[in-house]
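Here is the structure we will look at, set down as C-alpha cells.
The values are calculated or read from the model by the stated rules, or taken from the named source; none is laboratory data. Predicted model only: the values in this text are computed from it and were never measured. As a convention, Cβ positions derive from the backbone with ideal geometry for all residues, glycine included, and neighbour counts pool all protein chains shown.
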Amino acid sequence: MLKKRLIAALIIREGAVVQSVRFKHTNAIHYDPVHAIECFNKWAVDEIVILNVSREAASREGFAGVVKRISRKCFVPLSVGGWITDRDYARGLLNAGADKLVVNTILADDPPLVQALSRRFGRQCIVASVDAKRNESGKVEVVVDRASRPTGADPAGWARRAVELGAGEIFFNSVDHDGARRGYDLETLGRICAAVEVPVIAFGGVFSWEHLVEGIQAGADAVAAANIFHYTEHATMKAKRHLAQAGVAVRSEGQRA
Amino acid sequence: MAPRPRQARRRSAVSTRVAIVDYGMGNIWSVQNALAEVGAQSELVAAPERLGEFDKIILPGVGAFGDAMRLLREAGMQRALEEKARQGMPVLGVCLGMQLMCRSSTENGSHQGLGWIDAEVIALEPAQGVKIPHMGWNTVRFAKPSPLTEGIADGTDFYFVHGYQVVCKDPADVLGTCEHGQRVTAMLAHGNLFAAQFHPEKSQRGGLQMLKNFVERV
C-alpha cells in the first residue's frame, strides 16, 4: 500500500537555507543547502521541497544553480518553487534536476501558464502552493506573492480551482502557523483535503512529532516541516518512528540509523 | 604474463558504459545523477547510430505513451533500439520506458508500443481509498529471483508516479508487484530486458542498488 510521506522543506534566500517565521526569513541555518540535503538523504526522508523566498527576481538564476547542485545528491523526488513566472524558467528548473514545480503567484496572475505547464510536463509535475492567512475580519483567505497580496479567496475553493488548472498536488501552508510552533492549521487543512481528490501536503508550524500525526489525521497524504528538521540530529528518523508508532503507514527505510 | 581474471572482471564492471536514451521525454538528468552516484559511466544519447558504442541501455520516460513512441520513431531510435534488444544488449525501461516495451497502450486512444514484452498498458482502475495517479512510495514484492534485485530486501518501498499500468500476458515476465487498490506490475524481467514502473533514480537506497545491479550484475 501507498505510504504517507515525510517531506523536508528547505527555505532558501540568496543561496542560503533560512528559518521562516510568519513568512519572514532572518536566521540563516546552514550556509550550504547541499549539506542539508546530504543529511536528509542519509536519514532517508521521502521527498524534498525547496523554495526560493527571495524578494528579488534576480535571485532566479542563483536558485536554479542551487537546484542543480542539490539534484546531484538528491535521490528522492525534488519539488522546487519560487519565481516561476514563465515557461523557460520552469523548463530550466526541470533541466537542473527538479521533478516537480511548485507554483503559487501564477495561480492568481497567470492561470493559462499553469495550464500550459501542466499540459507540457504532466499533472504530476505541478504542485499548487496555497498559502492562507487569517485577515482582520477573522476569515482565512488565500494570499499570494510571498504572502504580500490577499486574494479574498477561500483556500478550499482555491485548491479546487488549482486542480482544475492542472495541479496534481496541493502544498498547503498557513502564514499564521508558519514558525509559530503550534502545529498545522488543521481546520483549513481538513477543508482542503475534503475539497480535492489530489494528494495534499501539510506544511507550517510543526514543533513536535505529534503535529505530523495530526496533519495525517486531518487528511493529508504527506506532512512537511522545515525549521524543526534542521536543529535535531537524525530528526526525520525520529519523526518517522513517531509516525509509525502512531499507526501511520510510512516507508520503513529511514526509521533506524 | 599470468592472467589476473579477478581484477580484469572488476575493471570490466567499472568500465561498463550505459546509454540513457534522450528523446525529449522526462527527467533524464536524474537517471544520470543516480548512475554517477553508483560509479557507472553513462551518457545521454539522442543519435540512434551511437547506441553501438555502449554496453547497456536505459530507456527512461515521463509523459504520454503516444508522444513518446512518435518521438522514438521520428528520431530513428525505435529501429536502433529494436536491433540492440534483439542482439541481446541489456535494456532497462523506467516508468514510461517500461510501458513502451509492451505491445500497446490505451492511453489517449490506441497506440502500438515496441512490443518486446507480451503485455498491454491500460489505465489504473479507480478503487475505494485509492487515488489515481498512483503517486508515492509503495512496497514492492519480488515475484522471482533476478540479478536486478540482488541485495535488495523483498518488501522495499520504491517511488511511483503513474496513471497507467502494465498487464502481462505471461506471468513469468513479472519480476515484482505492488498493491494500489489492485495488484500492479512494478517490475519486468524477460531475457535481456528489464523494467521498473517506479523511479529507481528517485527511490533512494533500494533504487540506487537496483541501478548498480543493472550496471554490474545483469
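Filter segment A:170-199 down to residues that are within 20 Å of A:E210 (Cα to Cα) and within 14 Å of another protein chain (Cβ to nearest Cβ) and give me whichever is nearest to the chain's Cα centre (by Cα).
Filtering first and then ranking leaves A:F171.
Read through the list (1) touching a strand residue (DSSP E or B) at 6+ places or on another chain (Cβ under 7 Å); (2) part of a loop (DSSP other than H, G, I, E, B), then give the number of the only condition that A:A159 fails.
(2)
Does A:Q124 count as within 24 Å of B:Q204 (Cβ to Cβ), part of a helix (DSSP H, G or I) and of a type outside the set (A, V, I, L, M, F, W, C)? Spell out the reasoning first.
Numbers: within 24 Å of B:Q204 (Cβ to Cβ): yes; part of a helix (DSSP H, G or I): yes; of a type outside the set (A, V, I, L, M, F, W, C): yes.
Here the answer is yes, as A:Q124 does meet what is asked.
Does B:V167 satisfy the criteria of being of a type in the set (A, V, I, L, M, F, W, C) and surrounded by fewer than 17 Cβ atoms within 10 Å (Cβ to Cβ)? First the steps, then the outcome.
On the way: of a type in the set (A, V, I, L, M, F, W, C): yes; surrounded by fewer than 17 Cβ atoms within 10 Å (Cβ to Cβ): yes.
For B:V167, the condition - of a type in the set (A, V, I, L, M, F, W, C) and surrounded by fewer than 17 Cβ atoms within 10 Å (Cβ to Cβ) - is met.
Tally up the residues in segment B:156-187 that are within 13 Å of B:K144 (Cα to Cα) and outside any strand (DSSP E or B), please.
3
Tell me yes or no: at least one residue of segment A:90-105 is modelled with pLDDT of 95 or more and touching a Gly at 6+ places or on another chain (Cβ under 6 Å).
So far as segment A:90-105 goes, yes, one or more of its residues are modelled with pLDDT of 95 or more and touching a Gly at 6+ places or on another chain (Cβ under 6 Å).
With the condition kept exactly as written, say whether any residue in segment B:200-216 is part of a strand (DSSP E or B) and touching a helix residue (DSSP H, G or I) at 6+ places or on another chain (Cβ under 6 Å).
Checked against the condition, which is being part of a strand (DSSP E or B) and touching a helix residue (DSSP H, G or I) at 6+ places or on another chain (Cβ under 6 Å), segment B:200-216 yields no hits at all.
Against the definition (surrounded by 18 or more Cβ atoms within 10 Å (Cβ to Cβ), of a type in the set (G, A, S) and over 30 Å from B:A68 (Cα atoms)), how does A:A159 come out, yes or no?
Numbers: surrounded by 18 or more Cβ atoms within 10 Å (Cβ to Cβ): yes; of a type in the set (G, A, S): yes; over 30 Å from B:A68 (Cα atoms): yes.
Yes.
Quick check: anything in segment A:82-97 out of contact with any helix residue (DSSP H, G or I) (no Cβ under 8 Å at 6 or more places or on another chain) and touching a residue at least 40 places away in the same chain (Cβ under 8 Å)?
So far as segment A:82-97 goes, no, none of its residues is out of contact with any helix residue (DSSP H, G or I) (no Cβ under 8 Å at 6 or more places or on another chain) and touching a residue at least 40 places away in the same chain (Cβ under 8 Å).
Does segment B:60-81 hold any residues that are of a type outside the set (K, R) and surrounded by fewer than 14 Cβ atoms within 10 Å (Cβ to Cβ), and which are they? Explain how you work it out, then say what you get.
Here is the first cut: in segment B:60-81, the ones of a type outside the set (K, R) are B:60-69, B:71-72, B:74-78, B:80-81.
Scanning segment B:60-81 gives B:E74, B:G76.
Note down all Cβ pairs under 6 Å where the first residue falls in segment B:71-96 and is among the β-branched types (V, I, T), the second is assigned to a loop (DSSP other than H, G, I, E, B), and they're at least six residues apart or on different chains.
B:V94/B:P60
How about segment A:96-134: which of its residues are within 11 Å of another protein chain (Cβ to nearest Cβ) and among the polar types (S, T, N, Q)?
If the condition is that a residue be within 11 Å of another protein chain (Cβ to nearest Cβ) and among the polar types (S, T, N, Q), then A:Q124 is the only one that fits.
Just for segment A:106-147: of the residues that are of a type in the set (D, E) and under 18 Å from A:V196 (Cα atoms), which one is surrounded by the fewest Cβ atoms within 10 Å (Cβ to Cβ)? If you could, list the steps in order and put the result at the bottom.
Our first condition is that a residue be of a type in the set (D, E); within segment A:106-147, this holds for A:109-110, A:131, A:136, A:141, A:145.
Cutting the leftovers down to under 18 Å from A:V196 (Cα atoms) gives us A:131, A:141.
On the way: A:D131: 25, A:E141: 17.
Only one residue tops the list, namely A:E141.
How many of the residues making up segment B:31-60 are in a helix (DSSP H, G or I) and either under 17 Å from the mean Cα position of the chain (by Cα) or within 14 Å of another protein chain (Cβ to nearest Cβ) (or both)?
Residues flagged as in a helix (DSSP H, G or I) and either under 17 Å from the mean Cα position of the chain (by Cα) or within 14 Å of another protein chain (Cβ to nearest Cβ) (or both) within segment B:31-60 amount to 8.
Provide a single number: the residues in segment B:162-200 that are in contact with an Asp or Glu (Cβ under 9 Å, 6 or more places away or on another chain) and among the aliphatic types (A, V, I, L, M).
Matching residues across segment B:162-200 total 5.
Determine which member of the set B:V184, B:V166 is more than 19 Å from A:V250 (Cβ to Cβ) and touching a helix residue (DSSP H, G or I) at 6+ places or on another chain (Cβ under 9 Å).
On the way: B:V184 fails: touching a helix residue (DSSP H, G or I) at 6+ places or on another chain (Cβ under 9 Å).
Criteria check complete, one pass: B:V166.
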